[in-house]
1. When residues of the range 157-168 are filtered for being surrounded by fewer than 17 Cβ atoms within 10 Å (Cβ to Cβ) and either in contact (Cβ under 8 Å) with a residue 40 or more places away in the chain or not hydrophobic (A, V, I, L, M, F, W, C) (or both), how many remain?
2. Could we say that THR5 is open to solvent by less than 20 Å² (accessible area, probe 1.4 Å), among the hydroxyl-bearing types (Ser, Thr, Tyr), touching a helix residue (DSSP H, G or I) at 6+ places or on another chain (Cβ under 6 Å) and closer than 28 Å to LEU152 by Cα here?
3. State whether the residues of the range 25-32 include one that is touching a residue at least 60 places away in the same chain (Cβ under 8 Å), open to solvent by 20 Å² or more (accessible area, probe 1.4 Å), part of a loop (DSSP other than H, G, I, E, B) and under 18 Å from PRO128 (Cβ atoms).
4. Working only within the range 88-116, note down all residues that are in a helix (DSSP H, G or I), under 27 Å from VAL160 (Cα atoms) and open to solvent by 70 Å² or more (accessible area, probe 1.4 Å).
5. All but one of (1) closer than 20 Å to VAL160 by Cα; (2) open to solvent by 40 Å² or more (accessible area, probe 1.4 Å) hold for ARG126, so report the exception by its number.
6. Quick one: how many residues across the range 57-79 are within 18 Å of VAL3 (Cβ to Cβ), out of contact with any helix residue (DSSP H, G or I) (no Cβ under 8 Å at 6 or more places or on another chain) and in a loop (DSSP other than H, G, I, E, B)?
Amino acid sequence: MTVHTTIDSPLGELLLVGERSATAPGGTALVSLSVPGQKGGAVVQDGWNEDAEAFTEIVSQLRAYFDGERIRFDIQCVEGGTDFQRRVWLALETIPYGTTVSYGDIARQIGAPRTAVRSVGTAIGRNPLLVVRPCHRVIGATGALTGYAGGLERKQRLLVHEGALQSA
């Protein structure tokens, strides 16, 4: 059964979508975490149930992250995407809190040729789990903030929050 809720955060409203799971902490596996207007973000569908209680554990971890008390998430997620996307997304999960890497670094990490940087960027742009799967930690080779489905302002806020970027 698909469940959803929204919460307020320093990034604005977050839409959480999940599936009931007997093995997930709190009983819900996260399918999507998105912001309004996000390119490719989730939109509530008919048949989904609004259930804030289903996300108690996930929300607790998100609040701890935004309060500076958590640097990693222990959230069961529903896997989707292509094999290539899953390889890229797995690489995202290895980027330490407070650091950044380039799209080329991710391509090298997954064994893709340098020419695959654009494909890596596309896969990162399709990451359905903003914040939890830290795609905000990937920047351009020159250090420029590039591409973020949730908007560059949110990417900058997250990197400042983590200490990977000085506030402007």
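1. Step one: of the range 157-168, the residues surrounded by fewer than 17 Cβ atoms within 10 Å (Cβ to Cβ) are 160, 163, 166-168.
Within this subset, residues satisfying the condition of being either in contact (Cβ under 8 Å) with a residue 40 or more places away in the chain or not hydrophobic (A, V, I, L, M, F, W, C) (or both) are 163, 166-167.
The qualifying residues number 3.
2. Yes, satisfied.
3. Taking the range 25-32 as the starting set, the residues that turn out to be touching a residue at least 60 places away in the same chain (Cβ under 8 Å) are 30-32.
Adding the requirement that they be open to solvent by 20 Å² or more (accessible area, probe 1.4 Å) leaves 31.
Subset that is part of a loop (DSSP other than H, G, I, E, B): none.
No.
4. Restricting attention to the range 88-116, the residues satisfying the condition of being in a helix (DSSP H, G or I) are 88-92, 103-109, 114-116.
Among the residues that remain, those that are also under 27 Å from VAL160 (Cα atoms) are: 88-92, 103-109.
Within the range 88-116, LEU90, ARG108, GLN109 qualify.
5. For ARG126, the failing item is (1).
6. 1
The values are calculated or read from the model by the stated rules, or taken from the named source; none is laboratory data. Remember, it's a predicted structure, so these values are computed and weren't measured experimentally. Methodologically, a virtual Cβ is constructed for each residue, glycine included, from the backbone with ideal geometry; neighbour enumeration extends over all protein chains shown. Accessible surface areas use protein heavy atoms only, side chains included; no ligands, DNA or RNA. Shrake-Rupley method; radii C 1.70, N 1.55, O 1.52, S 1.80 Å.
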